[in-house]
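The structure appears right after this line, and notes come after that.
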Amino acid sequence: MDYTKVCMVLLYGVLAATRLLGQQVPLPQTPADLAQPSDAVTMPVEYAKTVAASAYVWGWPLVNQHNRRAKITQAPEPALMNGTIPVAPAGRLAMLHDYIKPEQRFVACPNQDVVYGLGYMYLDQSPVVVQVPDFGDRFWVYAMYDARTDQFSKIGKPYGSEPGFYLVVGPNWDAETPDGITAVVRSSTEFGMVVPRVFQDDTPKDRKAIQPFINQVMMYPVDEFDGTMKTKDWSKLSSLDMGGGGSGGETKWVVPEQFFDVLAEILDDVPPLPGEEAMYAQFRQLLAIAERDPEVKRALVETAVETDAQVIAKFLRWKHNGTPAGNGWNRSTNNAAWGVDYFDRTGTARSNIYDNKIDETRYYYTDHDSNGGQLSGGSEYEVTFAAGEEPPVDGFWSLTLYDKDHFFAPNELNRFSLGTKNKDLKKNPDGSLTIYVGATSPGEDKETNWLPAPRGDFSLYIRAYWGQSGILEGSWTPPKINKIP
């Protein structure tokens with residue numbers, strides 16, 4: 001069975017149904033008028049596998065989110081997981097105090113342009129207060145995500161957000177807002193998470209200057225709110241041994257053999273989007289039958305394993321993520337505002353989860369040079385931005401190199417990206433900027449502009465934070481990646 005075709009046919013059917021609903025095609029007025037799937041039927045295994053493949057592709061990001069939250073909130077207090085990733089109990093966050101370390105395996109495609117934080121919420125248990133200090137002219141944004149990896153907040157410098165206290169609530173919250181709250185932010189699901197990002201120059205001076213700001217980035221249950229700005233020295237966090245470090249690919253947050261054991265909880269906790277009700281009913285019927293039919297249950301597990309290998313794994317190639325942007329690059333599409341764009345939602349969840357929305361960040365990525373050859377440390381490359389053609393942004397930009405698993409490639413310079421944060425980049429006499437990419441140094445006079453590569457395959461990734469019109473409209477074209485003969 002070609003599971004890719006099966007999944008796409010089913011998903012396009014859902015999209016078509018959603019479009020029809022958007023056109024206000026007359027439908028029965030009450031649930032009683034709608035024929036519902038029956039739990040009493042038996043289901044042929046091949047039919048079950050067909051529905052299961054669709055459920056796996058659709059639900060992969062949601063199960064991913066569910067499992068991350070379950071793991072990270074096991075921390076008894078704000079700390080660092082294996083000394084690398086912020087972890088905290090539910091309703092709280094933890095912050096790094098410097099760039100993320102290359103050995104972490106919590107999340108693929110991290111960047112070393114910002115200082116990150118991380119916190120998860122159970123919003124039906126308690127709303128939370130998120131503190132925003134006065135960052136001055138520094139770029140910052142607090143991206144908040146729901147269970148679907150859609151971003152539900154607009155808090156950051158691009159939005160002109162004020163310092164203060166932001167109350168984050170779930171879809172069922174109906175209470176009075178405490179005095180002193182700056183604004184209320186509502187998640188579409190009881191699941192919530194926040195990833196603060198605060199820009200930092202790659203200089204000792206700025207590493208010191210940023211500390212008072214990030215020490216006021218806090219999150220706590222609303223019952224602890226007293227109107228005062230709380231502080232914590234994030235440089236003194238303890239380290240917890242929670243697994244998830246080392247080398248290789250991202251932590252396996254979705255285990256195919258366990259996927260359908262979690263999916264039922266997802267369907268209960270995450271309300272359907274308009275048009276998804278029918279899909280939820282089909283998936284619930286499938287799970288009900290599997291509960292009483294061991295053969296169908298085995299088929300679900302087999303399908304999960306097969307679909308993970310045949311469909312999900314392919315999303316690690318950038319040609320399957322986003323849309324063409326020119327010169328062999330792809331650019332992000334619908335990031336963090338997926339709606340029913342299940343293809344890009346699942347692709348991004350596998351390859352580079354936790355994108356910012358396009359008005360905050362646009363991403364460009366490629367595995368290939370301008371002639372279509374695989375980027376490899378066995379060759380040397382030049383990436384030249386013509387004068388005035390660096391990414392047009394009001395925030396910052398960077399060019400990052402990742403290994404084949406989408407993580408930083410260790411190198412003697414401990415350098416993984418170049419861009420706005422670097423104050424010693426050398427421009428060419430004509431005002432253009434050339435970045436040299438390869439496993440060997442281009443020479444002492446060019447080394448400030450060198451992005452070291454591993455000996456094996458790698459990819460390149462451009463971030464454009466708070467893009468101007470060329471970024472937002474898609475008219476800016478990334479530069480060619482020229483292989484040096």
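Assuming a ≥ b ≥ c are the square roots of the Cα gyration tensor eigenvalues, decide whether region 62-118 counts as rounded (a/c under 1.5), prolate (otherwise, with a/b larger than b/c) or oblate. Please report the intermediate quantities before stating the final value.
Values: a/c = 1.92, a/b = 1.30, b/c = 1.48.
It comes out oblate by the Cα gyration axes.
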Item checked: Per-q log10 I(q)/I(0), region 327-380, q = 0.22, 0.23, 0.29, 0.31 Å⁻¹ (Debye; single scatterer per alpha-carbon; no solvent) -> -0.84, -0.88, -1.10, -1.19
Margin query: What's the whole-number percent of alpha carbon pairs in region 437-477 lying beyond 11 angstrom?
Written below: 72
Item checked: Hypothetical label at GLN125: residues of region 75-106 whose amide nitrogen lies under 16 Å (7 Å Cα-Cβ projection) -> 75-79, 87-94
Item checked: HN-Hα J in Hz across region 400-408 - Karplus 6.51, -1.76, 1.60, θ = phi - 60°, x for Gly and Pro -> 10, 10, 10, 6, 5, 9, 6, 10, 5
Check: Which far-off residues, 5 or more places away or on another chain, put their amide H under 5 Å from the one on MET81, with H placed in the peptide plane?
Finding: VAL87, LEU240
Note to self: Give me the Å³ per residue figure for the convex hull around the C-alpha atoms of region 318-483.
What the structure shows: 108
Next item on the list: In whole Hz, with x marking every Gly and Pro, tabulate ³J(HN,Hα) for region 312-324 from phi via Karplus 6.51 cos²θ - 1.76 cosθ + 1.60, θ = phi - 60°.
Entry: 5, 4, 5, 5, 6, 8, 5, 5, 9, 10, x, 10, x
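Using a 10 Å cut-off around each Cβ, can you sort ILE289, ILE85 from fewest to most neighbouring Cβ atoms?
Values: ILE289 22, ILE85 25.
Placing the least packed residue first, the sequence is ILE289, ILE85.
In the chain, once you exclude exposed GluC sites (Glu not before Pro) (DSSP loop, at most 10 other Cβ within 10 angstrom), what's the longest stretch remaining? Intermediate values should be presented prior to the final figure.
Working: sites that count: GLU176, GLU412.
Value returned for the longest uninterrupted segment is 177-411.
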Note to self: Quick check on my link table: of LYS157/LYS252; LYS357/LYS426; LYS101/LYS232, which ones sit more than 25 Å apart, alpha carbon to alpha carbon?
What the structure shows: LYS157/LYS252; LYS357/LYS426
Checklist line | Note, ³J(HN,Hα) from phi for region 464-470, Karplus 6.51, -1.76, 1.60, rounded to Hz, x at Gly and Pro | finding: 10, 7, 6, x, 7, 4, x
Item checked: Computed over region 75-240, Kirkwood Rh from alpha-carbon pairs, angstrom -> 16.0
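Readers should treat all values here as calculations from the given coordinates under stated rules, not as data from a laboratory. These numbers come from a predicted model, not from an experiment. Cβ atoms come from the backbone with ideal geometry, glycine included; neighbour counts cover every protein chain shown.
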